[in-house]
Amino acid sequence: MLNNRNILCISGTEWNGNYIKAVVELMKVLSAKNTILFVENAYTYKDAIAGVSDKDKIDFAKAFGLKSRLRTITTDNGGTVNILFPPLVFPVNFLPNGALYKSLLTFNAWLLRRSVKKALKKLNMQNELINFTSFNPGMGLMTGRTFNEKTLIYHCYDEIKGAPYWLSKHGLRLEAGFMKMVDAVIVTSQGLYDSKKDFCKQCFIVKNAVKVDLFKKGFNHSPNPGKKVVGYVGTVDDRSDYDLLHHLFTNMPDAEFVFVGRILSERAKDILSKYPNVKIEGPKMPEQLPPYLQTFSVGIIPFVKDDFTKGIYPMKINEYLAAGLPVVSTAFGDIADFAGLIKITDDKETFLQYVLSEIAGDTPEKRTARLKTAENNTWDKRAEELSSVIEQVEKGLK
């Protein structure tokens, strides 16, 4: 495990998101023996004016530098993480790739770089620095190699080329440039590895995991045979296979389908709202999820198969398993690790039959076995894997 190192994490997410992010959990584990500066994704002036749905309210005093941008939290393992709230930036993703776009992107990077350098100096983190930029390739490209970092890593946990237009418009080009700059790329799935390995010096896989102590609170040793609750935890968007879901909803009228998570498209909301046996719970904090999992008979992952989903290693598989739940998934990506434990099919009729048979054949013994599998996929183990990768990369730099 990395020890006594300074780790700068420039992230494409917020620390307090509605759902657990891989980078956040990794930084929590590493904080026990290292000094961490986690830089949250910057809000834009548009966000400040129009607001941001499903997000924490913007702290304008911090955004404009009227009070310290830094806060320190204590993690469950006794570590501390320093979190930097960056200054507001100009929205640029909607612009074409031209002089105005490049000028505003450069200015945004200057704002971020200035605030990060101040924080690094204040925290005495300027030596032996690891720059671990997580799914923020634009700022990585614009600010990388400017902090006197010893090691520069790109952490990629999603496929930009399959992401929504506002992200993929410039993201693919920026990511390509950043991957050429970094010492290594670390991805979370085999699909991402296959996509990135030819465009960087070296690429490694460190898969997602589960916060077992949290999600096993949703463990129900004896499933209720008299009630069928088909559950989904996560974001609902264009990744979902709505033809498959329609087949489930209409062929299981006596079952309740519960969706816990953000609904990111009006189309998704309109479709799900049509069915009387579908319940939409909306976004919840991680600590609120176990009570829902306790009521589920089975967890589903009904993703379509495309350029975006093939790179996903969904955390929800391990979350379902930690709660002891049977899991039925489409074959959207490389989830071969779970082939003997969960049911996988792209055929909607087979998917339906798997859901029914997994509910009917579930036992306390099977639930206990699923929990044991999840206990082998913890963030502590992933942090050890990540540490080994970084140490390997640094040996090669000498």
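For the reader, a short list of remarks on this structure follows.
- Being farther than 24 Å from Ile153 by Cβ, open to solvent by less than 50 Å² (accessible area, probe 1.4 Å) and β-branched (Val, Ile, Thr) is not true of Thr74.
- Taken together, Arg114, Arg145 contain a single residue that is in a helix (DSSP H, G or I) and either of a type outside the set (Ser, Thr, Tyr) or surrounded by fewer than 22 Cβ atoms within 10 Å (Cβ to Cβ) (or both), which is Arg114.
- Pairs with Cβ under 8 Å, 6+ apart, first in region 91-104 and in contact (Cβ under 8 Å) with a residue 12 or more places away in the chain, second among the hydrophobic types (A, V, I, L, M, F, W, C) and assigned to a loop (DSSP other than H, G, I, E, B): Tyr101/Val92; Tyr101/Leu95; Leu104/Phe90; Leu104/Val92; Leu104/Leu95
- Hey, Lys305 under 25 Å from Asn251 (Cβ atoms), under 23 Å from the mean Cα position of the chain (by Cα) and open to solvent by 10 Å² or more (accessible area, probe 1.4 Å) or not: yes
Condition check ((1) at negative phi; (2) touching a residue at least 12 places away in the same chain (Cβ under 8 Å); (3) of a type in the set (Asp, Glu)) across all residues:
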{"site": "Thr350", "(1), (2), (3)": "yes, no, no"}
{"site": "Val355", "(1), (2), (3)": "yes, yes, no"}
{"site": "Lys366", "(1), (2), (3)": "yes, yes, no"}
{"site": "Thr373", "(1), (2), (3)": "yes, yes, no"}
{"site": "Asn376", "(1), (2), (3)": "yes, no, no"}
{"site": "Asp380", "(1), (2), (3)": "yes, yes, yes"}
{"site": "Leu386", "(1), (2), (3)": "yes, yes, no"}
{"site": "Glu394", "(1), (2), (3)": "yes, yes, yes"}
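- Residue list for region 246-293, filter: out of contact with any Phe, Trp or Tyr (no Cβ under 9 Å at 6 or more places or on another chain), within 20 Å of Met315 (Cβ to Cβ) and not β-branched (Val, Ile, Thr): Leu264, Glu287, Gln288, Pro291, Tyr292
- Leading residue by the ranking (least open to solvent (accessible area, probe 1.4 Å)) among those in region 262-282 that are in a loop (DSSP other than H, G, I, E, B) and under 19 Å from Val298 (Cβ atoms): Asn277
The values are calculated or read from the model by the stated rules, or taken from the named source; none is laboratory data. These figures come from a predicted structure and were not determined experimentally. Note that each Cβ is placed from the backbone with ideal geometry, even for glycine, and that neighbours are counted across all protein chains shown. We work out accessible area using only protein heavy atoms, side chains counted, and drop any ligands, DNA or RNA first. Shrake-Rupley method; radii C 1.70, N 1.55, O 1.52, S 1.80 Å.
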